[in-house]
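The values are calculated or read from the model by the stated rules, or taken from the named source; none is laboratory data. Computed from a predicted structure; not experimentally measured. Cβ placement follows ideal geometry from the backbone for every residue including glycine, while neighbour counts extend to all protein chains displayed.
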Amino acid sequence: MVSVAILGNGVVGSGVCELINKNNNNIKLSKILVRDIDKHKNDKNHSIITDKIEDVFAEDIDIVVELIGGIHPAYEYIKKSLNNKKHVITANKDLISKYGEELLEIAYENNVKLYFEASVGGGIPIIKNIKNYLVSNEIKSIKGILNGTTNFILTKMDKEKTSYNNALKTAQKLGFAESDPSSDIKGYDSARKLSILSTIAYKKKVCWESFKVEGIHDITETDIKKANKLGGVIKLLGISTFEEGKVYASVRPVIVTNNSEFAKINNEYNSIIVEGDSVGKLTFTGKGAGKLATATAVYSDIMDSIQKKENSFLFNYEKAFIKSDSNEQCDWYIKINYKNSHTVLNELTEFFKNIDLEINKRTNQILAVVKSEHEKYINEISDKLLQLEEVTTLRSLMILNN
């Protein structure tokens, strides 16, 4: 019988307990750590619930499952568990993206495993597939909808033509968004997940703080309608590529055309496309969040640990050289809020030879579609335009067909 302690009895933690009780694979729930024990009086596992971490470490535990979230005290609990020679399973992308290298080293030194499949993609088995199935491939790129909250909000804005604020309130009401949704809507959650996947795929340490991260909080109904007119929808994408030893990575809103795989992914679902040099493109799609979806990934890691599968590895790679601009040549949507349209239009037509323009004098906005340009040039011209007194704000979005 394998003894398991669960740190955290929230949505995912309770889901893991449910799967353990349901499947009964010689797993014994020994302790469940909670913050407020009074809130769990009616839990059927009440007899093993504690609010003291000391009670957990006092037990003869084989596997510790950390589902508290955040950096502290999760970091301290995991570090102590590994040093106590316990296998650890976590869904904590914040922790893995920041301290993954150190914690994997500690696990290696103590001859135990650290598993974190559920840290990316909820119930999608993406880490196992990149690490094991694609081991013979050089990974060329990763593109994905990595955050269910933002995808739900953008789906609501697109399908129901509602405002960002209304869509966010609906997401919070239904439990898809936290009361403080900043990590999701500003792109940080997706960036941490992209850094984990890219580090594993390219065998280079990809720090999310080193690449461009943009959120969806300033996406408007105007942007949604313009995307529709262009034959597409807006999605928050994490994109990374590996070429000539250099990594390009970014998280940003992107207009994906209706023939793209990502255009079909709605609500809380995630989708990740991984391209290998031998296998080509593989698409992984599923629920990126939710009680039993994420719990399924955690439970799979528990079983891997029990079966002693070689699933642990190290992050002690050299730091990746991060490129700030993509090599991909594509069309771009640029939205400019102006004080004087004449000056801005003159500049735009001078800088871009292939451009479609739409002017809204009521809102003082210019909506431009620029054909087939590289990101470096778009960024250079955007910086020049922002220096004009006549330009108040500017936002550019890639338009991708795949």
Suppose we filter 260, 300, 250 for residues that are assigned by TED's automatic domain parsing to the domain that holds residue 199 and touching a helix residue (DSSP H, G or I) at 6+ places or on another chain (Cβ under 9 Å); which single one remains?
250
Can you pull out the residues in segment 263-276 that are on the phi < 0 side of the Ramachandran plot, touching a helix residue (DSSP H, G or I) at 6+ places or on another chain (Cβ under 8 Å) and not in a strand (DSSP E or B)?
265, 266, 268
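One line per residue, one yes/no per condition, for (1) over 19 Å from residue 147 (Cα atoms); (2) over 15 Å from the mean Cα position of the chain (by Cα):
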site	(1), (2)
235	no, no
244	yes, yes
247	yes, yes
250	no, no
257	yes, yes
261	no, yes
267	no, no
Can you pull out every residue in segment 18-40 that is within 30 Å of the chain's Cα centre (by Cα), exposed (fewer than 12 other Cβ atoms within 10 Å of the Cβ) and farther than 23 Å from residue 307 by Cβ?
35, 36
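Please determine, by comparing only the residues of segment 279-332 that are hydrophobic (A, V, I, L, M, F, W, C) and assigned to a strand (DSSP E or B), which one is surrounded by the fewest Cβ atoms within 10 Å (Cβ to Cβ). So that I can check it myself, show each step before the final result.
In the first step, residues of segment 279-332 are kept if they are hydrophobic (A, V, I, L, M, F, W, C); the result is 279, 282, 284, 289, 292-293, 295, 297-298, 302-303, 306, 313-315, 320-322, 330, 332.
With assigned to a strand (DSSP E or B) added as a condition, the list becomes 282, 284, 321-322, 330, 332.
Numbers: 282: 16, 284: 16, 321: 12, 322: 20, 330: 18, 332: 23.
In this case the residue turns out to be 321.
Only one residue in 150, 162, 170 is crowded, with 24+ Cβ neighbours inside 10 Å and among the β-branched types (Val, Ile, Thr). Which one? Walk me through it before giving the result.
Numbers: 162 fails: crowded, with 24+ Cβ neighbours inside 10 Å; 170 fails: crowded, with 24+ Cβ neighbours inside 10 Å.
Criteria check complete, one pass: 150.
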Those residues that are touching a strand residue (DSSP E or B) at 6+ places or on another chain (Cβ under 7 Å) and either closer than 18 Å to residue 339 by Cα or not hydrophobic (A, V, I, L, M, F, W, C) (or both), I need them from segment 370-386; list them, please.
371, 372, 373, 374, 382, 385, 386
Looking only at segment 231-257, and only at residues there that are out of contact with any strand residue (DSSP E or B) (no Cβ under 6 Å at 6 or more places or on another chain) and in a loop (DSSP other than H, G, I, E, B), the one that is surrounded by the fewest Cβ atoms within 10 Å (Cβ to Cβ)
244
